[in-house]
Amino acid sequence: MNVNQRSSLQTPPAADGVERADWLAHCRAQVEARQAAEESARQAELELAATEPTIRKLRRSVTEKLFEAGRLSALQIRAASEICRCWEAICTGLFAKAMRLDKQPRGAPAEDWSPSLRVAYSARYAPWRDEAALVTLRHRYSLADLVFSIVVDNHGVYQVGKRLGMDERTVLRHLQFSLYRYVEQADWLDDKGRAEALALVAHRAAAPQPKQRKARPETPPDHVRGTAWKAPSYTPEQLAGARAKLIA
């Protein structure tokens, strides 16, 4: 990052709250783009000296890794793939409309979608997106935004949780439930698949709480070590006086 880029990130505009929010969003976008570029460069360096199995492992998507870890079912992976396919088709159509008419590629506009993609969009993707967009999480992010970040942008669960200020287990539960809703609305589940998906979501929802650290005992002063020492106790009047001094 050069000096001009650093100054643009460090100097906020002297304007109203709306422009400042836009400036902060622009800064976050720059930081995320730089991090993505660094990660891509790191992956490229690893692939140069990697074997074929290692390259396939590095190129796996986040959802594929979650599936191999037993955190997503095969039907949830199918839902994630269809969400990604519909999203890419929509973005391709928007890009084609923004181009000059004489330079539009064939097959890009929505009217040239395949029949299967039309059915997937209207019958499954659109109802799921409308429902997930109404579920607000944190920082004006919806449940649909969370799923898009993982499924489309291929961001990790920890990375999304850090951005939203959530524990990664909470992010994973949101992803599991939303993909299960997609599968359920698509009517892909039989009785066995429905039981397995609900058991998976319930198992992740009942994740153990983080262990609490034990309170460390107070260290006695040097002149009383080796003797029976007790932690000091204070009367309510002493505590009130100390609090008043801190406030003053």
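The values are calculated or read from the model by the stated rules, or taken from the named source; none is laboratory data. Not measured: the values here are computed from a predicted model. Glycine also receives a Cβ, built like all others from the backbone with ideal geometry; neighbour counts cover every protein chain displayed.
Of note:
- Scanning segment 108-144 for residues that are modelled with pLDDT under 65 and either surrounded by 12 or more Cβ atoms within 10 Å (Cβ to Cβ) or within 21 Å of the chain's Cα centre (by Cα) (or both) gives ALA108, PRO109, ALA110.
- Scanning segment 67-94 for residues that are polar (S, T, N, Q), assigned to a helix (DSSP H, G or I) and under 19 Å from TRP188 (Cβ atoms) turns up GLN76, SER81.
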